[in-house]
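First comes the structure, then the notes that go with it.
The values are calculated or read from the model by the stated rules, or taken from the named source; none is laboratory data. Not measured: the values here are computed from a predicted model. Here the Cβ positions follow ideal geometry from the backbone for every residue, glycine too, while neighbour counts run over all protein chains shown.
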Amino acid sequence: MGNLLEVNGLTTEFRTERGVVRAVNNISYHLNEGEILGIVGESGCGKSVSQLSIMQLIPSPPGKVVAGEVLFEGQDLLKYTKNSKEMCQVRGNKISMVFQEPMTSLNPAMTINKQMSEVLIEHKGVSKREAREVCIDMLGQVGVADPKRRADDFPHHMSGGMRQRVMVAMAMLCNPRLIIADEATTALDATIQAQLLELMYGIVNKYNTALVMVTHNLGVVARYANRINVMYAGRIVETGTVKEIWAKPMHPYTEGLLKCVPRLGEKLVAIKGMPPSLIGKPDTCPFLPRCKDRQQCCFENPLPKPTLVDGQHYTSCMVRLEGMA
Amino acid sequence: MSQSIVDVVDLKMHFPVKRGFFRRKVGEVKAIDGVSFSINPGETLGLVGESGCGKTTVGRCITRLYRPSEGQIIFEGSDISHMSEHKIRQHRKRMSLVFQDPYSALNPRMHAKDIVGETLKTHKLVSGKKEYEERIAELFIMSGLSPDMMDRYPHEFSGGQRQRLSIARSLACDPTLIVCDEPISALDVSMQAQILNLLQELQEKKPNLSYLFISHDLLAVQYISHRVAVMYLGRIVEMSNSVELYANTLHPYSQALLSAQPVPDPVVEETRSRIILTGDVPTPLNPPNGCTFHTRCPRAKPECSATVPALVDVGNDHFVACHCL
């Protein structure tokens with residue numbers, strides 16, 4: 001068992017004036033209890049949309065999850081409608097999210113205590129006074145100094161790092177099984193980012209909570225994640241444990257991504273070209289136009305499903321797979 | 001000394017804070033509080049620090065977008081720090097800027113060629129339409145853009161291409177100094193590598209071109225810079241050549257900043273210990289006495305809160321401002 005979350009064939013589309021954008025294209029992955037999964041990719045590759053689809057937070061219209069299933073603790077979340085009782089019991093309670101912008105995701109007109117208590121009163125049915133105590137305790141745990149006083153502050157009284165701590169505290173309130181951190185530390189300064197990452201890492205380890213880190217920062221993933229999914233143009237092109245992928249990347253895009261990060265004394269190798277538009281794309285490998293190792297077979301066949309290399313390492317690159325056989 | 005492109009001597013920039021009906025001055029934000037450095041021809045000086053440390057203000061003072069409160073800026077032998085707007089024009093063409101956000105830095109109603117060529121017209125560097133277009137085509141090719149794109153509008157370019165356009169514009173008057181203010185922060189990883197490589201290639205082609213490269217990304221700064229200065233709350237705390245600074249980091253803030261930056265390699269990350277700073281950056285409206293870093297410094301001594309440490313040479317072209325050495 002151990003599978004907390006299993007995503008099969010998830011596909012999300014957006015209707016736009018210029019055509020249908022397939023932001024997430026038939027992705028499948030799983031997540032174990034207490035595991036930290038990193039999802040990396042460039043902007044527009046569908047990493048955030050895939051997570052929002054799981055939580056049913058895609059604005060519809062224009063967006064729609066058109067296919068796939070999301071099995072969370074054995075139940076298919078996509079069977080529930082967006083605002084159904086079942087979905088609301090999962091969202092914020094068993095799965096919670098931390099977003100990138102701490103300013104826009106907190107309500108500026110409510111005190112910290114009030115908006116945190118709301119979660120507890122809704123999900124746990126506790127009284128206001130009990131909720132306040134839990135909130136203050138949680139604020140203390142995420143390192144907010146003098147939590148009793150800060151609980152009555154408004155979000156604008158706090159710095160960016162503090163607000164993001166409040167977001168983490170809020171996500172932890174109901175002791176969820178899974179936290180999705182969507183670029184949670186991207187907007188923060190380097191030293192504050194380090195504080196917050198250590199904090200989140202400590203908390204998920206303490207409570208054995210699974211964590212999905214959506215990020216474009218490979219360094220963050222390298223340090224904290226167990227496994228990573230590399231996404232490109234709405235698809236997962238490679239997945240494996242962090243060590244497997246760094247030791248032996250099996251997709252040209254992953255290779256390029258790893259080489260793009262500056263290291264002293266090495267010439268940077270940039271990936272040529274740009275990520276493709278997601279409108280009316282053919283079924284072939286989306287990385288094809290930028291790939292340096294492409295061969296005839298790449299043009300002729302549709303992109304295969306990620307295939308096992310060894311261990312937990314899967315890749316969808318035909319050329320690399322053939323090279324192995 | 002006299003051969004350097006820019007000499008900045010004890011630069012200070014204090015912004016008044018005005019409040020109330022009569023806009024009375026109630027305080028000062030000490031954005032830069034005594035910064036000195038110089039840039040030699042063909043050299044790249046990296047300026048790193050967290051948001052609000054004054055690194056952008058330094059860049060804007062050097063290009064005289066701000067008139068500094070105190071101190072001298074000697075650009076190619078003449079003191080421009082308090083020169084009149086009229087006189088400064090002839091110096092302005094020798095320096096230019098590349099901004100962070102390629103979306104707001106370009107006028108959406110101008111053709112790409114006019115964005116690039118506007119300065120050529122202003123400084124009357126070309127005569128006639130033919131020469132104008134030839135020069136622009138040359139700049140486009142130099143920046144890795146196709147001259148066919150000359151008649152496009154900025155919205156028709158991708159983020160990376162817009163940043164190339166910005167760079168083409170900054171090269172138009174054949175400057176000796178380009179101030180790059182976070183030129184890669186708004187771009188994706190693979191685009192960042194392309195832009196860094198472009199900047200480096202341009203310097204190889206024009207050996208006298210100097211950059212002031214402002215960024216919070218330590219890895220990028222390390223990659224592109226010959227010398228690096230670390231700023232904290234309006235002061236330079238450490239400055240050295242990039243090899244020395246990263247190999248032999250002396251100031252506790254630089255050490256923390258460096259360790260906060262995750263290294264994108266799981267093998268390194270496993271063995272590396274991190275220094276996690278506590279607290280937030282103090283406000284420059286009311287900075288701490290003495291060494292501004294003493295409130296967060298793990299090594300703070302009583303004298304740190306009393307006197308400001310001077311930037312002293314510790315040998316090997318390495319300058320540090322710390323009492324604890």
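Annotations
- Residue among B:170, B:143 that alone is hydroxyl-bearing (Ser, Thr, Tyr), modelled with pLDDT of 90 or more and touching a strand residue (DSSP E or B) at 6+ places or on another chain (Cβ under 7 Å): B:170
- For residue A:38, the stated conditions hold: it is within 14 Å of another protein chain (Cβ to nearest Cβ), under 30 Å from residue A:254 (Cβ atoms), part of a strand (DSSP E or B) and not hydroxyl-bearing (Ser, Thr, Tyr).
- Candidate set from segment B:94-150 (those that are over 25 Å from the mean Cα position of the chain (by Cα), in a loop (DSSP other than H, G, I, E, B) and of a type in the set (A, V, I, L, M)); member that is farthest from residue B:217 (Cα to Cα): B:126
- Selected residue [surrounded by 13 or more Cβ atoms within 10 Å (Cβ to Cβ), charged (D, E, K, R) and not assigned by TED's automatic domain parsing to the domain that holds residue A:150] from A:64, A:124, A:85, A:114: A:64
- Residue match in segment B:254-272 (condition: away from every other protein chain (no Cβ under 14 Å) and basic (Lys, Arg)): no
- Checking each residue in segment A:151-170 for being within 13 Å of chain B (Cβ to nearest Cβ) and crowded, with 19+ Cβ neighbours inside 10 Å picks out A:158, A:161, A:162, A:163, A:164, A:165.
- Unmet requirement for residue B:249, which otherwise passes all of (1) without any contact (Cβ under 8 Å) to a residue 12 or more places away in the chain; (2) within 22 Å of residue A:216 (Cβ to Cβ): (2)
- For residue B:281, the conditions (1) modelled with pLDDT of 90 or more; (2) closer than 25 Å to residue B:13 by Cβ; (3) among the hydrophobic types (A, V, I, L, M, F, W, C) all hold with the exception of (1).
- Among the conditions (1) touching a residue at least 24 places away in the same chain (Cβ under 8 Å); (2) buried (at least 17 other Cβ atoms within 10 Å of the Cβ); (3) under 27 Å from residue B:284 (Cα atoms), the only one that residue B:43 does not satisfy is (3).
- Boolean, residue A:109 is within 14 Å of chain B (Cβ to nearest Cβ) and assigned to a loop (DSSP other than H, G, I, E, B): no
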